[in-house]
Amino acid sequence: MFPSVLPTYNRADVAFVRGEGPYLYAEDGKRYLDFGAGIAVNAFGHAHPRLVAALTVQAGKLWHTSNLYRVPGQEALSKKLVENTFADTAFFTNSGAEACECAFKMARRYHFVSGHPERFRIITFTGAFHGRTLAGIAAGGQEKYLEGFGPKVEGFDQVPPNDLKALEAAITDETAALMIEPIQGEGGLHPMPPEFLRALRKICDDRGLLLIFDEIQCGVGRTGKFFAYEWVGVRPDIMCVAKGIGGGFPLGACLATAEAAKGMTAGTHGSTYGGNPLGMAVGSEAIDMVLEPGFLEHVQKIGGFLRQQLAGLIAEHPGVFEELRGQGLMLGLKLRVPNTEFVTAARGHGLLIVGAGENVVRLLPPLIIDEDQVREGVALLSRTAADFEAKAKQTVAA
């Protein structure tokens with residue numbers, strides 16, 4: 001019998017019934033330490049009282065009105081984002097993929113109203129992930145996501161990251177923008193070199209291109225700054241945001257300068273649910289929490305502690321772990337054993353982690369974790385690694 005839920009995920013046979021802080025509890029009562037956080041979504045863990053209260057209060061007042069009318073929550077949240085980023089304006093979405101769609105359209109529209117409708121192509125970078133829409137998989141350029149979905153959406157070109165010669169060669173009179181994740185997540189936890197990001201900014205300025213950052217995974221405090229671009233001092237023209245901005249509630253945003261957004265006039269874009277009162281209430285509370293004094297400093301400190309502990313873990317299990325990558329609380333371990341098997345084995349020990357490209361496992365814990373929870377997570381990783389070492393010894397002995 002065909003599953004009633006479309007089987008597009010290879011789901012693990014575990015169902016969670018409640019969460020508290022960094023822990024999830026399954027139907028059978030087993031507790032799991034969540035170092036995946038719904039793939040960097042649950043920035044404040046599970047059932048955070050402030051987010052629950054924000055949603056509950058709003059739910060008792062008003063759920064939805066449509067973007068045909070003013071939504072005061074949008075005005076409040078966009079003001080907070082504008083005051084604390086490069087951006088002059090924000091368009092709210094339901095997801096990161098939808099934020100990317102807005103960015104693609106905005107880049108094309110910018111050149112259209114600037115008198116260059118021929119400039120519609122966007123250059124992206126090998127290993128990128130920009131969502132699962134048809135344009136998103138075309139922008140990502142990964143064959144595993146493109147296969148079987150017909151002709152690739154026109155207008156996206158990929159070049160290797162950190163290869164300025166290849167990038168210069170790919171730029172044509174049709175190029176509208178460059179789009180990049182400051183830290184590739186799904187592609188294997190690759191932070192882009194600061195000098196490369198600075199070079200992209202200069203190329204865009206020199207060639208009249210727009211620079212788009214995809215901070216869907218690395219933004220909203222994940223690296224220890226509000227947004228990752230702050231570490232290198234490179235400001236984009238457009239930026240895609242999602243995941244942590246809703247703290248678990250489906251929410252995204254496309255931020256932009258006034259110049260980049262000048263073509264997005266009434267009727268050019270829209271969303272039925274994007275920016276509805278429920279999302280705005282939760283997002284506004286989440287941003288307040290991230291920007292409170294000491295929060296980002298905590299992420300930097302605990303991220304450094306986790307990195308230190310993981311370095312010891314790699315030294316302890318060199319036959320299992322190869323390399324540590326990432327920044328803040330967006331870290332990855334490149335493995336010498338299959339990452340899919342490692343994720344499953346870690347779950348058996350009560351630890352949730354997420355796979356990524358290049359045989360990497362992602363560690364994306366809630367930003368609120370403390371040192372004891374870091375030690376607990378690293379101990380569970382060590383036990384999982386010991387299982388693989390024991391299995392390897394048995395194989396050799398046989």
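The values are calculated or read from the model by the stated rules, or taken from the named source; none is laboratory data. What you see is a predicted model, and the numbers here were worked out from it, not measured in a lab. FYI the Cβ positions are ideal-geometry reconstructions off the backbone, even for glycines, and counts take in every protein chain you see. In case anyone asks, the SASA skips ligands and DNA or RNA and just uses the protein heavy atoms, side chains included. Shrake-Rupley method; radii C 1.70, N 1.55, O 1.52, S 1.80 Å.
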Applying the selection to the range 302-328, what residues are part of a strand (DSSP E or B), open to solvent by 40 Å² or more (accessible area, probe 1.4 Å) and touching a residue at least 60 places away in the same chain (Cβ under 8 Å)? Gln327
Failed item, numbered, when Glu195 is tested on (1) touching a residue at least 40 places away in the same chain (Cβ under 8 Å); (2) part of a helix (DSSP H, G or I): (1)
Does Lys152 qualify as being open to solvent by 50 Å² or more (accessible area, probe 1.4 Å), basic (Lys, Arg) and under 17 Å from Lys202 (Cα atoms)? no
Exactly one condition in (1) open to solvent by less than 50 Å² (accessible area, probe 1.4 Å); (2) in contact with a Ser or Thr (Cβ under 9 Å, 6 or more places away or on another chain) is false for Arg235; which is it? (1)
Answer residue from the range 72-105, given it is polar (S, T, N, Q) and surrounded by fewer than 24 Cβ atoms within 10 Å (Cβ to Cβ) and is nearest to Ala176 (Cα to Cα) among those: Thr89
Every residue in the range 21-42 that is free of Cβ contacts under 8 Å to residues at least 24 places away in the same chain and open to solvent by 20 Å² or more (accessible area, probe 1.4 Å), please. Tyr23, Tyr25, Glu27, Asp28, Gly29
I'd like to check something: does the range 336-352 contain any residue that is assigned to a strand (DSSP E or B), open to solvent by less than 40 Å² (accessible area, probe 1.4 Å) and within 17 Å of Gly38 (Cα to Cα)? yes
With the structure loaded, tell me whether Ala138 is closer than 24 Å to Gly244 by Cα and either at pLDDT 95 or above or not polar (S, T, N, Q) (or both) or whether it fails that test. no
By residue number, the members of the range 245-285 that are touching a helix residue (DSSP H, G or I) at 6+ places or on another chain (Cβ under 6 Å), open to solvent by less than 10 Å² (accessible area, probe 1.4 Å) and in a helix (DSSP H, G or I) are Ile245, Gly246, Met280, Val282, Gly283
